[in-house]
Structure formats: C-alpha cells, structure tokens
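The next block holds one structure in the form of structure tokens; read it before the comments.
The values are calculated or read from the model by the stated rules, or taken from the named source; none is laboratory data. Every value quoted in this text rests on a predicted model; they were computed, and no experiment measured them. All Cβ positions, even for glycine, are placed from backbone atoms using ideal geometry, and neighbour counts span all protein chains on display. Each accessible area value is taken on the protein alone, full model and side chains, heavy atoms only, with ligands, DNA and RNA left out. Shrake-Rupley method; radii C 1.70, N 1.55, O 1.52, S 1.80 Å.
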Amino acid sequence: MNLLATLLVVWCVFVALCAATCSDGVRDGDEVKVDCGGSCSPCEWPFNAVSRATLRSYPRKVYAHWHYYPIAMSKGNATADYFQTQYIPPTGENNKHIAYGGMMRERPLPRQARTETNWQALDAEADIRLAAQMGLDGYYLNMWTMSDTNNGGLWTRWVNVVDAAARVGSFDIVPNMDLSIMESMSDLDATNLVLNIYAALKSRSSLLKTSSGQYVLGAFYADKRSAAWYANLKTRASAEQGIRFYIVGVFLGSGSDAIFSTLSGPVDEFAGWGTAIPTTVGSFNRTKVAAAKYGKPWLQP
C-alpha cells in the first residue's frame, strides 16, 4: 500500500469520512469494528451479510408481517419496560395472560435507555436497518386504526415505521389492513378508514408500488370482506384520490379454492399468513396451482 492510500485509510478510520465497504479488512465509514457494525452486518453475527445493493437486485422479494410490537415501549432501560414487566410474566397485565403463561415468550432484542425526545422514531429506524441487514425487502404493516387513544399510540407507532423506512431507503412498506380486528366495522366505515390511511400516507416514498404505479395494499384475513367491498374500495380510491390499488389478499393459513373463486375478481394476488406447522413443498405447490387457476400469483409465507 502506498503512502497516499495509507493516509486515506487513516483519514477514513478516524474521521469516518469514507463509506463503509464491509469487506476490505479495514475499519472505515461507520463500521464499529473491521467490516462489521454500522451499515455492515452486526458484529455479533458469525458471517458477513450480503450487501444491500445485491439483495435488492434480486427479482424475488422477502417481506415480513410487522404486527404490533416496536423495539421498546418506552425510552427507559429494557429491564423495566412493558415487555419485561407486563408481557413476559404470566401475572402481567393484572393476570390477564396467566392461563397460557404470559403474553409472549420472547421480546424484541433489548436496547439501552434513550434520552432523545424522538426515541420512537430512532427505534423505528434501528428496526428497519436491522431488518434490511437480515435480507428483508420490507414490511407488511398491520393496521386497523388512525387513533392513538387507549392503544399505546398505535397510529404514531405505524407512521414512525413508514417514515423510518423512507429515511433508510430501499425498504418497502405495505399497509396491511387487519380485517379480523376491523370485522365489526360496517363496509362503509372500513372503506373510509382505508382511504383515510392512504390519504395520510400516500406521499411517503416508502409505500410499495407496482411497476405500473399501483399502491400495494395488503388485506389480512381477506375473506372477512366480500368481493363487492374490494371492488368498491378500488372504485372509490380511483375517483376520490386518483390512486389505483393492487390488492394482496392475505389468508389465515393458505386459503381455499372456494375463497379464491369468490375473491378472484377484485383481489390481484393471493398470500398466506403462515401456519404453526411448516408448510411442505407439496402443500405449497398445491396452493400455488390453486391460485394460478384463477390467474393469481401466490405469495408464500
């Protein structure tokens, strides 16, 4: 290595002026150690992650269902947060979960206490960055309200995720309407909610669109609404907001031929939420063939 190259490396290391390369045997950019941390894969991983640019270049994409839980429920230390005191202990939330041993067995990886006022936004960004490093292309973001009242600030939590994805870049968000939780809503109220959510979020660059400009909209437990409801939703979205929806019907399990037949008109793609038992190759192929019968791609969980 010549003197100029040596000086450049030293400058990069101590001033963090150069971008992290993640593979050159030198600690540069925002790397925490040599070729790991920061923009590279976490130093705790036993392997170096494939670069983000390489992952995003693949035609097949990988999405996760982001349901409810952020990295932390408060900016304080994880040893005394809501996960630790209410969700994990069987006696948490006034013994609400005692019959089945607690709300959850695992929690998001704990982090140190934060002092920043925008700690929720920073947590959301950390969440997105780690997901991207793991190879995810985006989240199907489970949504069912635009309120923060008596729910732990759900709307703000979801908006933080959408905005964090936009800041990080190259990470897609698909609003995934939870039609199970929304089941008690009238067709009119449910349609209005979806349209209001898109009115608030459609300007965000992180929202996933098809190559033809359609907004991808997830519909969890898709068979909770009729084909007529989906058709009306598309019509109103076009007339009132000038947007077109590409609807992915996400079924609890793998759907059925009867459901596929009923919803094959207005729903553009079929998907499964997954099961507790791993799906066999044979089962996947049968579902894929069933979806193809109606001209629909199948998104495998």
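When the helices of the chain are scored as -39500 (n - 2.57) per DSSP H run of n ≥ 4 and the total is divided over every residue, the value at 222 nm lands at -10500 deg cm²/dmol.
What FRET efficiency, computed as 1/(1 + (r/R0)^6) with R0 = 45 Å and r the Cβ-Cβ distance, is obtained for residue 189 and residue 167, rounded to the nearest 0.05? Don't skip to the end; give the middle numbers.
Numbers: r = 32 Å, r/R0 = 0.72.
Taking R0 as 45 Å, the efficiency between residue 189 and residue 167 is 0.90.
The simple spin-label model puts a point 7 Å past each Cα toward its Cβ; for residue 111 and residue 180 those points are separated by 2.8 nm.
Between residue 69 and residue 45, the modelled label-to-label distance comes to 2.1 nm, taking each label 7 Å out from Cα in the direction of the beta carbon. Coupling constants for segment 119-132 follow from the phi torsions by the Karplus curve (6.51 cos²θ - 1.76 cosθ + 1.60, θ = phi - 60°), and in residue order they are 4, 5, 5, 5, 5, 4, 5, 4, 4, 5, 4, 5, 4, 5 Hz; glycine and proline get x. A compact globular protein would have a Cα radius of gyration near 2.2 N^0.38 Å; the ratio found for segment 162-260 is 1.09.
Along its principal axes, the chain has C-alpha extents of 70, 49, 43 angstrom, given from the largest down. Under a model in which nothing but the beta-carbon of Lys, Arg (+1) and Asp, Glu (-1) is charged, the chain shows a dipole of about 560 debye around its Cα centre. Sort out the exposed loop GluC sites (Glu not before Pro) in the chain (DSSP loop, at most 14 other Cβ within 10 Å) and tell me the longest stretch that has none. No qualifying site falls inside 117-301, the longest such stretch.
Close amide H pairs (under 5 Å, H built 1.01 Å from N) link residue 21 with 28, residues at least 5 positions away or on another chain. Annotation: aspartates and glutamates with alpha-carbon distance below 17 angstrom to residue 293 (same-chain offsets under eight excluded): 257, 268, 269.
Helix 227-241 and the long axis of the chain differ in direction by around 60°, with both axes built from C-alpha atoms. Structure note, pairs 33/202; 33/75; 61/202; 96/234; 61/96; 61/234: Cα-Cα distances above 28 angstrom occur for 33/202; 96/234; 61/96.
Taking amide H as placed 1.01 Å from N in the peptide plane, residue 246 has its amide H under 5 Å from the amide H of 215, 216, 217, each at least 5 places away in sequence or on another chain.
Positive end of the dipole of the chain (Cβ unit charges, origin at the Cα centre): among 39, 144, 218, the Cα lying farthest that way belongs to 218. What's the carbon and sulfur percent of the chain's accessible surface, probe 1.4 angstrom, rounded to a whole number? That fraction is 57 percent. Per-residue Karplus couplings for segment 203-208, computed as 6.51 cos²θ - 1.76 cosθ + 1.60 with θ equal to phi - 60°, are listed in order as 7, 6, 5, 7, 5, 6 Hz, Gly and Pro entered as x.
Helix 281-292 and the long axis of the chain differ in direction by around 60°, with both axes built from C-alpha atoms. In the full protein context, segment 117-236 carries 39 Å² of accessible surface per residue, based on a 1.4 Å probe and ignoring ligands, DNA and RNA.
Length available on full extension from residue 151 to residue 95: 0.36 nm per residue minus the Cα-Cα distance, which gives 18.3 nm. Summarising the strand pairing of segment 118-260, around 5 percent of its internal DSSP beta bridges are antiparallel. Pairing the Cα long axis of helix 3-15 with the longest principal axis of the chain, what angle in degrees results, from 0 to 90 and rounded to the nearest 10? That helix lies at roughly 60 degrees to the long axis. Averaging Cα coordinates gives a centre for segment 196-219 and one for segment 174-194; these two points are 16 Å apart. Annotation: the antiparallel percentage among DSSP beta bridges lying fully within the chain is about 5. Whole-Hz Karplus values for segment 250-260 come out as 9, 9, 6, x, 10, x, 7, 4, 5, 5, 4 Hz, taken residue by residue from phi with 6.51 cos²θ - 1.76 cosθ + 1.60 and θ = phi - 60°; glycine and proline positions read x.
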